[in-house]
């Protein structure tokens, strides 16, 4: 493990700037919402003058070039989806304790996140956790035991435990705040929406490159969904609904951009429909090319009900796309029914009817697209970083003022942590 970041973590930043540790079990080069969100946040916090270090697992075959990213030894935990489990040991613990961090912020609740909590308790600094993923919605990745009621109950209990050992919890959406409260989470929960670099998505020039690459004409209607091709994204529902749309609109094409373990099953389903040749799978899209793809699309589709606060949706509306989506609280604030899109029940009839309604009305698509641009303004990475920076400062100041004259020993802190965990398990 690299033990000395190039950033000013080891010095005391001037002007009230903070030394921040962002801990995550998933990070670049992996492509998912958490990895992208943490990388954007780290960059923006540094732009604000803070000293930021990211702590993440090492991924086989990847050579880290950023001196402010510290990689932990890791082993492969899951093959589908690929997931490496970090194994922080005594050397890593000693190295991190030598860094005078002002705040520790975990973005995942697994080995890196739990280790971050231990470091915070040993160092006496505030520990914040962001709940990016509804864990109970992903137990199917555990194989044949994943769908057991006992497994799902355990996942809910673990979610509550990982939050209850925090000083402050951050929820990216009101949906998740409500979920955590229902699970018995006790620390304060603040809603801080995810943000993106809006300028990258709002200022792209139309060049037609993606349509040429996909074999679409200028007058064809391109419907897009962007993200991991996994079962929880309900893309099988999207394909089924599109088949009904395609029967009435021979100029409509569906582009499912991304990759994942469910891709082969989706391709097989698509091939079985009469619209199979108009359902395209371009694979994983380079991040730099995403704005171009979205700007050339006519409509964005989503049917997932397991989202927290999807970056892909923010990216779509930032590109001025109208949306048709399945009713889910995660879309609140990003998609307003009848304003920048249509929200339907998760039924193919109403969903396909809403798609057809927009495809037949170019004026509505344009008006909805303008509304999407307006709604996207509240989801900048600058706004997210500013909100979190303010929260960090408040917690750091409160901890400094409340710090006891005689610090607890490491053993005592560890016992306190275990006791908090036992209380949480009794409540779960």
* Taking neighbour Cβ counts within 10 Å as the exposure measure, how do 169, 112 sort from fewest upward? -> 169, 112
* Structure fact -> One would report the antiparallel percent of DSSP beta bridges in the chain, rounded to the nearest 5, as 10 percent
* Any chance you could check the Cα centroid distance between segment 234-270 and segment 36-79 for me, in angstrom? => 34 Å
* Mean residue ellipticity (222 nm) of the chain, computed from DSSP H runs ≥ 4 via -39,500 (n - 2.57), nearest 500 -> -12500 deg cm²/dmol
* Top of 230, 44, 347 by mean-square fluctuation, Gaussian network on the chain, Cα under 10 Å -> 347
* Of 374, 166, 352, how do they rank once you tally other Cβ atoms within 10 Å and put the fewest first? -> 374, 352, 166
* Could you tell me the distance between the Cα centroids of segment 144-200 and segment 281-336, to the nearest Å? => 22 Å
* Once you have the Kirkwood Rh of segment 47-142 from its Cα pairs, apply Stokes-Einstein at 10 °C and 1.306 mPa s and quote D in µm²/s. => 108 µm²/s
* Acute angle (nearest 10 degrees) that the helix 149-164 long axis makes with the longest principal axis of the chain, alpha-carbon atoms -> 50 degrees
* **Among 386-392, 301-307, 156-162, 142-148, the order from most to least packed when residues are scored by Cβ within 10 Å on average** => 301-307, 156-162, 386-392, 142-148
* Helix 348-359 axis, angle to the chain major axis (alpha carbon atoms, nearest 10°) -> 70 degrees
* Asked: At a Förster radius of 35 Å, what calculated FRET efficiency corresponds to the Cβ-Cβ distance of residue 137 and residue 199, to the nearest 0.05?
  -> 0.60
* Hey, what angle do you get for helix 33-47 against the long axis of the chain, alpha-carbon based, 0 to 90 degrees rounded to 10? -> 60 degrees
* Length-normalised contact order for segment 37-142 - Cα pairs under 8 Å, 6+ apart - percent -> 18 percent
* Structure fact -> Per residue convex hull volume, Cα only, segment 211-349, in Å³ is 107 Å³
* Between segment 367-384 and segment 108-143, what's the alpha-carbon centroid distance in Å? -> 30 Å
* Asked: Which of the following values of Cα Rg over 2.2 N^0.38 Å was calculated from the structure shown: (i) 1.70; (ii) 0.97; (iii) 1.03?
  -> (iii)
* segment 269-362: relative contact order in percent, alpha carbon pairs under 8 Å with at least 6 residues between -> 20 percent
* Structure fact -> By the C-alpha gyration tensor axes a ≥ b ≥ c (rounded if a/c is under 1.5, else prolate when a/b exceeds b/c, else oblate), the shape of segment 98-188 is prolate
* For segment 147-235, rounded, prolate or oblate, judged on the Cα gyration tensor with a ≥ b ≥ c (square roots of eigenvalues), a/c < 1.5 rounded, else prolate if a/b > b/c? -> oblate
* Hey, fewest Cβ within 10 Å first, where do 222, 48 land in order? -> 48, 222
* Structure fact -> With the 8 Å Cα cutoff and a minimum separation of six or more residues, the chain has a relative contact order in percent of 15 percent
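Values in this text are rule-based calculations from the coordinates and carry no lab data. Quick caveat: nothing in here was measured; it's all calculated off a predicted structure. Cβ: placed from backbone, ideal geometry, glycine included. Neighbour counts: every protein chain shown.
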